[in-house]
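No lab work stands behind these numbers, since they all come straight from the coordinates. Just so it is clear, the structure is predicted and the values come from calculations on it, not from any experiment. Here Cβ is always computed from backbone atoms with ideal geometry, including for glycine, and neighbour counts include all displayed protein chains.
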Amino acid sequence: MILSADQYAQMLERMPILCVDGLVLDERGHFLLVRRRNAPRQGEWWVPGGRVLKGETLDAAFCRKMREEIGLDVRILMPVGYFEIQHEDDPRGGPAGVHQVSVVFAAVATGGAVRLDAQSSECGYFEHLPEPFARFQSFNAWRLR
């Protein structure tokens with residue numbers, strides 16, 4: 001079932017949105033970050049991820065979002081936690097902010113090449129994660145073994 005723009009706006013006003021986000025590590029234990037082209041967090045370095053679709057498992061949603069947003073097939077190492085954020089505004093122009101609940105996974109690439117979708121302007125591997133992901137910083141290269 002596809003929601004109309006009005007139905008989606010009403011949903012955003014009334015309930016949180018479930019997302020998945022990824023700590024994709026390279027062989028050095030550095031994290032792949034993307035610079036966001038769109039709101040929320042426009043212009044900021046952020047981890048790839050996005051919304052879970054109805055009927056989709058968290059694992060399947062995570063792997064789908066990594067292929068869509070960064071062009072990589074990934075192997076999930078483990079879920080490392082979750083975070084909640086309430087954006088003050090709705091990037092789609094709605095009257096209320098967006099409440100996002102995100103399950104965070106650690107993963108490594110198993111195939112593909114980094115290819116960004118239209119949501120990101122650039123990418124790079126970094127030693128440190130942006131807030132609110134910094135609490136997951138301890139998940140590093142030694143856990144890849």
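Here the relative contact order of segment 16-135, from alpha carbon pairs under 8 Å that lie six or more residues apart, stands at 37 percent. Taking 0.36 nm per residue of separation and subtracting the Cα-Cα distance, full extension of the segment from ALA60 to ASP6 would add 16.7 nm. Rounded to the nearest 10 degrees, the inclination of helix 5-14 to the longest alpha-carbon principal axis of the chain is 80 degrees. Taking the Cα atoms only, what angle lies between the long axis of helix 58-70 and the longest principal axis of the chain, rounded to 10 degrees? The angle comes out at about 80 degrees.
Please compute the modelled spin-label separation between GLU44 and PHE83, points set 7 Å along Cα→Cβ, answer in nm with one decimal. About 0.8 nm, to one decimal. The radius of gyration of the Cα set in the chain, together with its Dmax, comes out at 15.1, 48 angstrom.
Hey, what number do you get for the chain at 222 nm if only DSSP H runs of n ≥ 4 count, each worth -39500 (n - 2.57), divided across all residues, to the nearest 500?
It lands at -5000 deg cm²/dmol.
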